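The values are calculated or read from the model by the stated rules, or taken from the named source; none is laboratory data. Since we're looking at a predicted model, the values are computed, not measured. Glycine gets a Cβ as well: all are built from the backbone with ideal geometry, and neighbour counts include every protein chain shown. Note: areas computed on protein heavy atoms with side chains; ligands, DNA, RNA excluded. Shrake-Rupley method; radii C 1.70, N 1.55, O 1.52, S 1.80 Å.
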Amino acid sequence: MKHFKYIAILLLSAAYNAAFAQSTADNNYIKVITERSNKIVTGAGITDSVKFKKVRDIVVAQYNDLNTVYEARKTKVNDIKAQMPDDKNGANAKIALIDTDVVKQVKVLHTAYISKLNNVLTADELDKIKDGMTYRIYPITYTAYQDEIPNLTEEQKSKIKGWLLEARENAIDAESSEKKHAWFGKFKGRINNYLSAQGYDMKKEGEEWQKRIKERQATKQ
């Protein structure tokens with residue numbers, strides 16, 4: 001009887017420790033995304049304390065909700081791989097179904113998130129929140145293209161801007177810095193192909209641009 005009690009105590013202790021560890025991990029993650037969200041909202045120039053907190057909480061909730069979706073995906077994928085170690089094709093088929101569902105969930109979260117922000121932010125503030133969540137890659141890259149090719153037409157600028165904004169909209173929901181950058185990389189490839197088709201020698205344009213940058217730096221020094 002004592003033996004069974006001892007086992008029960010061990011099981012309860014293990015369960016408690018696991019729950020405590022998970023709680024600590026969750027609390028640490030909330031702290032990280034709260035600090036990140038504070039910086040993003042500060043960068044958007046929101047100074048009203050009530051509005052600041054409201055927007056910050058919306059951003060924190062979005063990061064947390066996205067993390068829940070991606071962590072659940074990770075668990076399901078690991079389970080499938082463990083259950084089907086010798087059936088790679090079968091496992092990949094099941095993972096593809098999971099990924100399709102993840103895309104749907106993320107799309108729903110994205111739509112609700114932007115709607116919540118639209119209710120409390122101006123268009124300019126919302127733009128800055130989006131840039132803050134994506135390391136300002138859109139404005140930096142758009143400016144770089146115009147600097148690299150000064151004679152871009154208005155139509156070409158509009159195309160570039162549209163693709164970069166589309167990249168940003170997708171990158172907002174990406175689960176990591178690497179994947180956020182990957183979205184922009186994908187659309188930059190599309191932009192470069194478009195500009196090449198428009199008659200620009202992108203290699204030459206890049207080389208000339210680097211020369212101009214070095215000349216500017218030399219002038220400043």
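With respect to the chain, whose longest principal axis is taken over its alpha-carbon atoms, helix 49-83 is tilted by about 70°. Counting only the Cα atoms, segment 116-221 fills a convex hull of 130 Å³ per residue. Charged neighbours of THR34, selected by a Cβ distance under 12 Å, balance to +3 (K, R count +1; D, E count -1). Considering only MET202, ASN192, ASN170, and ranking their Cα positions along the charge dipole of segment 140-216 that arises from unit charges at the beta-carbon of Lys, Arg, Asp and Glu, the one farthest toward the positive end is MET202. Ordered by 1.4 Å accessible area with all protein chains kept, THR111, THR47 run largest first as THR47, THR111. Seen against the Cα atoms of the chain and their longest principal axis, helix 154-171 is set at about 10 degrees.
At a threshold of 8 angstrom on Cα-Cα distance, excluding pairs fewer than six apart, so keeping six or more, what relative contact order does the chain reach in percent? With pairs under 8 Å counted, the relative contact order is 17 percent. Relative to the longest principal axis of the Cα atoms of the chain, the long axis of helix 2-43 makes an angle of roughly 20 degrees. Expressed as a whole percent, the proportion of Cα-Cα pairs in the chain lying more than 32 Å apart is 42%.
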